[in-house]
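S.K.: Take this structure, written in structure tokens, and hold onto it; I'll ask about it next.
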Amino acid sequence: MARTRIFAVLFILLGILAGYFDAAGRFSFSPEWIKREFSLGPDLQGGISLEYGADTSQIPAAERPEAMEGLRDIIENRVNLFGVTEPIVQVKKREDEDRLIVELAGVFDIENAIQIIGETPYLEFRTLDPKLTEEDLTRLQESQDFQGIINAFLPTTLTGRFLSRAVLNFDQTTFESIVQLEFDEEGRRLFAEITRNNIEKPVAIFLDGAPISIPIVREEISQGQAVISGQFGREEAQVLVRNLNSGALPVPISLLKEETRGAYLGTDTLNKMIRAGLYGLIGVAIFLIIFYRLPGLVAVFALLIYTALAMTLFKLIPIYLTAAGIAGFILSIGMAVDANILIFERTREELKAGKSIKAAVEEGFSRAWLSIRDSNFSSLITAFILFWLGSSSVSGFALTLGLGIILSMLSAIIITRTFLRAVEFKESKLMRTLYGAG
């Protein structure tokens, strides 16, 4: 019993600390290092909007939608590591042009945002113009005619969209850094075709429109492995590998428009949502206390601790909270209440069957656990699918809902149970009434 009460006190202290961390910014006496604000999505705090034009002229019309979706996914991954920064990345068609719209929440440094997105390279392989010879290319290189070298090569269908991965390695003879490229099945087929048709001819590897390597093909390469070599050091090669693995763009993009946007839902909407959540929590607390009495009161304390811990988690990760994400969190509170109701109803049934309060509480938790586990696991599976396959706003909803469900299970099974075990009352008619048996 003493150990249980120690844990109960620790949970209370943890809840108080979490609550203080959540509200630290409102207290003037709080140290600066703890004054961390919640991260809000573009719908609640504004940010910047970038519009890019995508050059899909080299891609067959039937494959363009898939290429644009791949471009959207890559850009979203670049600015949304682990899916918590809530960017809005959309593919749009303006007349006959493919456009990519990127909205970043809380980011107002346009140049920095452009740099983040622009770091993703566009990789492509080009072959020598049939009108030119190797001697012509050599003269261009000797005269350092950079633009002439670029114009000497013609694009092929093999681009970064077929890249599986890039690996840093070292030349066994010169010990220089090299970058090895591995392609997917379609990329291997295209690379084999290019090398087969250009034996003893140069094939250039272009990155962001500039040639970084112009090797001579000695034989057909059917295994889908290429090597980028050049006069770059280890650190430069590491940056290239990291950028390629983070997602070589399937199509080249160019920035067309940039603007700073305010929140289109704004502070007023956020305040309304907070008030709605607060009123809902108060309503749930009143319901629990009226219908379940003492266990309901204990559950209210557990829910307050759960809420404080969840908000602390959202701050620390951080999770960019959009309107959809806040809705997911509020819904998870309902899941926590549902778990407590299952437990208390089971406990009430055991009490009415004549068991002692202690035995009824233990039996209520053990019997309700299977139902709580199954219902919450099915909800977690749904949240995972929504997070994996949904758009940015849907993923934000699924993320807060999933984390909330996990914490709600801990709240119902561990925190509420610890509090009820810590409260030791003698058997009496009054106590059985307070537990809902009378």
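S.K.: So which of PHE344, PHE377 is among the aromatic types (Phe, Trp, Tyr), assigned to a helix (DSSP H, G or I) and under 12 Å from MET409 (Cα atoms)?
M.R.: Answer to the check: PHE377.
S.K.: Please identify the pairs in which a residue from the range 1-19 that is closer than 20 Å to LEU309 by Cα has its Cβ atom under 8 Å from the Cβ atom of a residue that is among the polar types (S, T, N, Q) and surrounded by 15 or more Cβ atoms within 10 Å (Cβ to Cβ), counting only partners at least 6 apart or on another chain.
M.R.: Close Cβ pairs (under 8 Å, with a partner that is among the polar types (S, T, N, Q) and surrounded by 15 or more Cβ atoms within 10 Å (Cβ to Cβ)) amount to PHE7/THR418; ALA8/THR418; PHE11/THR418; ALA18/THR312.
S.K.: Return the residue satisfying two criteria in turn: it lies in the range 307-352 and is within 18 Å of ILE372 (Cα to Cα) and small (Gly, Ala, Ser), and of such residues it is nearest to the chain's Cα centre (by Cα).
M.R.: Within the range 307-352, the match that is nearest to the chain's Cα centre (by Cα) is SER332.
S.K.: Return the pairs, sorted by first residue and then second, in which the second residue is small (Gly, Ala, Ser) and surrounded by 11 or more Cβ atoms within 10 Å (Cβ to Cβ), the first residue lies in the range 21-35 and is in a loop (DSSP other than H, G, I, E, B), the beta carbons are less than 6 Å apart, and the residues are 6+ apart or on different chains.
M.R.: Taking only residues 6 or more apart or on different chains, the pairs are SER30/ALA24; LYS35/ALA24; LYS35/GLY25.
To keep it simple, each residue is scored yes or no on (1) touching a residue at least 24 places away in the same chain (Cβ under 8 Å); (2) within 27 Å of LYS315 (Cα to Cα); (3) surrounded by fewer than 19 Cβ atoms within 10 Å (Cβ to Cβ); (4) of a type outside the set (S, T, N, Q).
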residue	(1), (2), (3), (4)
MET335	yes, yes, no, yes
ASP338	yes, yes, yes, yes
GLU345	no, no, yes, yes
LYS352	yes, no, yes, yes
SER356	yes, no, yes, no
LEU389	no, yes, yes, yes
PHE397	yes, yes, no, yes
GLY404	yes, yes, no, yes
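S.K.: Scan ILE12, ILE16, ILE59 and give me the residue that is surrounded by 11 or more Cβ atoms within 10 Å (Cβ to Cβ) and part of a loop (DSSP other than H, G, I, E, B).
M.R.: ILE59
S.K.: Another question about this same structure. Tell me, yes or no, whether the range 341-352 has at least one residue that is touching a Pro at 6+ places or on another chain (Cβ under 8 Å) and not β-branched (Val, Ile, Thr).
M.R.: Yes: the range 341-352 contains one or more residues that are touching a Pro at 6+ places or on another chain (Cβ under 8 Å) and not β-branched (Val, Ile, Thr).
S.K.: Here is a check on your reading of the model: is GLY325 assigned by TED's automatic domain parsing to the domain that holds ARG36, surrounded by 18 or more Cβ atoms within 10 Å (Cβ to Cβ), at pLDDT below 85 and assigned to a helix (DSSP H, G or I)?
M.R.: Yes, satisfied.
S.K.: Answer yes or no as to whether LEU181 is under 25 Å from GLY224 (Cβ atoms) and assigned by TED's automatic domain parsing to the domain that holds SER254.
M.R.: So LEU181 fits the description; yes.
S.K.: Can you say whether GLU103 is at pLDDT below 80, surrounded by 19 or more Cβ atoms within 10 Å (Cβ to Cβ) and in a strand (DSSP E or B), as far as the supplied structure shows?
M.R.: yes
S.K.: Moving on to the next point. It is to be established whether one or more residues within the range 90-98 are farther than 20 Å from SER254 by Cβ and modelled with pLDDT under 75.
M.R.: No, there is no match, as no residue in the range 90-98 is farther than 20 Å from SER254 by Cβ and modelled with pLDDT under 75.
S.K.: Then there is this: Of all residues in the range 55-85, which are in contact with a Lys or Arg (Cβ under 7 Å, 6 or more places away or on another chain) and either modelled with pLDDT of 80 or more or on the phi > 0 side of the Ramachandran plot (or both)?
M.R.: THR56, the sole residue that qualifies.
S.K.: OK, next. So which of VAL361, VAL298 ends up being at pLDDT 85 or above, assigned to a helix (DSSP H, G or I) and either of a type outside the set (A, V, I, L, M) or crowded, with 17+ Cβ neighbours inside 10 Å (or both)?
M.R.: Answer to the check: VAL298.
The values are calculated or read from the model by the stated rules, or taken from the named source; none is laboratory data. Keep in mind that what you see is a predicted model, and the values were worked out from it rather than measured. Note: ideal-geometry Cβ built from the backbone for every residue, glycine included; neighbour counts use all protein chains shown.
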